[in-house]
Each structure stands twice: as C-alpha cells, then as structure tokens.
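The structure under discussion appears below in the form of structure tokens.
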Amino acid sequence: MNFFKKISVLFLAAGVLFSCSEEKLDPESILVDLDIEQNELDSYIQKQFTDDYNISIVYKFVEPESDYDYNLSPANYESAVRITKLLHYLGIEPYDRIVGNKDFIRAYFPKLLNYIGSPAYRNNGTMVLGTAEGGVKITMYALNQLTEERSTNVAFLNRYYFHTMHHEFAHILHQNKDYPASFREITGSGYVGDSWNDIYDDEGAAAEGFISAYASKEANEDFVETYSYYITLTPAQWEERISSGSEEGRAIIEEKLDIVRAYFETVWNIDLNVLRDEILLRQEALPDFDQLSLN
C-alpha cells in the first residue's frame, strides 16, 4: 500500500512540474525602480556633501540607522536644513580653508551623518548629543531644538552640535593615527570611568586637570574634549574655563593642550590656533549667514 502511495506522489509531483513548465511568464516585471523625486535639501546634500566629500546625510529617520535603546523622533525639515547648512559652514569649510583642499575631509570625515530630532537620554539622566560608530558614521541628536531664535546663539550651537561634531571627528582622527602615550600618563590612573557624572561637575573637573567633567571618563575622551573645547571657544572663554578650578588643575590642562596642539601640527599639519581663528570668524558672521537658502 505504501509503495503505491509513493508512486502516486511521484506522479503528482511530476504533473505539477509539467504544468509549471507550461506557464507563460508575464513579460512585465513586478520589480519596478522607484523614481523618487529629490527635494531642495536632497539636491543640496548631493551637491555639497556627496559629490564633494562622498558624505551621505540621513534626515528622514531611517530606523536601521537609529539606536533602538532610546525613544527617538525624526528631525523636522527646517531643522535639518539649518544644521546641514551650518555643518558645511562651521564644521567642514574651516578644515578645507586651513588644509588648502578638500582631501582631508574627503579622506577622514565620516561618510554618514544621521539626524535625530529628539535628545537621547541615558539611564543616569545625562543626555547624548552625538555618537560616532567605527569612524564612518556620526549621529546628531536634539536637532528640533535648533529653532530660529537659537540659530545664531553660538553657545547653544557649540553645546548641542559643534562641540559634539569636532569631538567625534577627533576620535576618528586619533583612531587612524594615535596621539602620544605621554598624554595618557599625565592623569594616569586618575580617570573615573562611567562615574564621571556622579563625581564631577565642570568646575570640579577643571580643578583636577580636566577641561570638562566628561573628559575625566578616560584618556581618549579627555583628548578629544580638550581639542573640541579649544577650537570652539574664544581665548577669553578658554581662559575662564581652565581657571575655574585650581592653579594645579589649570597647569595640567595646559600641559594636555600642548600635546594636543603638537599632535595636530605634526600628524595632520593643522595649526589649532589658525583653525580656531577661522571657526571664530565664522561664528561672528553667523547673523549674516543664510541658514535656509538651498540655492
């Protein structure tokens, strides 16, 4: 009985295969290339970032590029336009001007920028303003706080966006070509890891030789924090910050800065004083900079 069942199944399978082979395929493919029309911001990104630097920008909240550990919302269109224009003006062009070409940014700047409208909050209550992944991607948060009223507020722009951008970019640079071990030896075992937020505020950190509380986490963060604050603050603001603690702390920060400056001069041929002057000039000109025109 089982033998005949097997024979019947074989004949049935053969019949199915035969009938399938006789079917005529529809010449019209069900896979159609979608011709998605670009808006003005898409065209601007293509021209100013992708064509020139091979950088892509995701601003329409593509979920695979977002961190599922946080409750996040997309950036609104106007904020995305503002930050894109500002990133080019304050974040990329200064390097081009100092280096003398676009090759530096083209070679080392992350190839993907991901915009998030809302902040991302850690369990300890601190806010994530930006992250870098593998040297190829920077995610920027809280972009919907970039309103017209705040768009020329340099302190706000630096705190929420540009300090973060330069911080993350510096991580990528030192991951490609490391800074001297002597920097790590200045503080040695004095770094406090993830307890930084519980132990220090910025003034207390300065007293111990850190430019910020977050710089006390570990040496890499200390290095990029020192760099990012130095090139985005005016000389007076820098002086005020490093003098807010103790004389000993101030001397330690200045020793660290000397190593940071020498590293950028010898490894990347970038004079941080010249780079800072370029950034500061652009900050001063912000009231006259058109943040919304995409022509």
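The values are calculated or read from the model by the stated rules, or taken from the named source; none is laboratory data. Bear in mind that the values here come from a model prediction, so they are computed numbers and not experimental data. Because the Cβ atoms are built from the backbone with ideal geometry, glycine has one as well, and the counts that use them run over all protein chains shown.
In segment 144-170, how many are of a type outside the set (S, T, Y) and within 16 Å of I92 (Cα to Cα)?
10
Residue by residue through segment 155-189, note down the ones that are polar (S, T, N, Q) and either in a loop (DSSP other than H, G, I, E, B) or modelled with pLDDT of 90 or more (or both).
The answer is N158, Q175, N176, S182, T187, S189.
Across segment 193-232, which residue is nearest to V154 (Cα to Cα) among those that are hydrophobic (A, V, I, L, M, F, W, C) and touching a residue at least 40 places away in the same chain (Cβ under 8 Å)?
I231
Kindly indicate the residue of segment 73-105 that is under 15 Å from K60 (Cα atoms) and not in a helix (DSSP H, G or I) and also modelled with the lowest pLDDT among those meeting that condition.
Of everything passing the filter in segment 73-105, S73 is modelled with the lowest pLDDT.
Looking for whichever is in contact (Cβ under 8 Å) with a residue 60 or more places away in the chain and charged (D, E, K, R) here; the options are R241, R282, R250. Which one fits?
R282 is the lone residue from the list that is in contact (Cβ under 8 Å) with a residue 60 or more places away in the chain and charged (D, E, K, R).
May I ask you to list the residues in segment 153-176 that are touching a Phe, Trp or Tyr at 6+ places or on another chain (Cβ under 8 Å) and more than 16 Å from Y230 (Cβ to Cβ)?
I172, N176
If T152 satisfies every condition in (1) within 30 Å of Y77 (Cα to Cα); (2) in a helix (DSSP H, G or I); (3) in contact (Cβ under 8 Å) with a residue 12 or more places away in the chain but one, which is the exception?
Unmet condition: (2).
Residues in segment 266-278: is at least one hydrophobic (A, V, I, L, M, F, W, C), surrounded by 18 or more Cβ atoms within 10 Å (Cβ to Cβ), in a loop (DSSP other than H, G, I, E, B) and in contact (Cβ under 8 Å) with a residue 60 or more places away in the chain?
Yes, segment 266-278 has at least one match.
Just give me the residues in segment 165-186 being touching a residue at least 60 places away in the same chain (Cβ under 8 Å), surrounded by 20 or more Cβ atoms within 10 Å (Cβ to Cβ) and over 13 Å from Y263 (Cβ atoms), in sequence order.
Hits for segment 165-186 are M165, H166, H167, F169.
Mind checking which residues of segment 198-223 are in a loop (DSSP other than H, G, I, E, B) and more than 19 Å from S244 (Cα to Cα)?
K217, E218
On the given criteria, is F162 under 30 Å from N76 (Cβ atoms), crowded, with 17+ Cβ neighbours inside 10 Å and touching a residue at least 24 places away in the same chain (Cβ under 8 Å)?
The answer is yes for F162.
Quick check on segment 230-253. Is at least one of its residues exposed (fewer than 15 other Cβ atoms within 10 Å of the Cβ), of a type in the set (D, E, K, R), in contact with a Gly (Cβ under 8 Å, 6 or more places away or on another chain) and part of a helix (DSSP H, G or I)?
yes
Does at least one position in segment 119-137 carry a residue that is modelled with pLDDT of 90 or more and surrounded by fewer than 16 Cβ atoms within 10 Å (Cβ to Cβ)?
No; the residues of segment 119-137 include none that is modelled with pLDDT of 90 or more and surrounded by fewer than 16 Cβ atoms within 10 Å (Cβ to Cβ).
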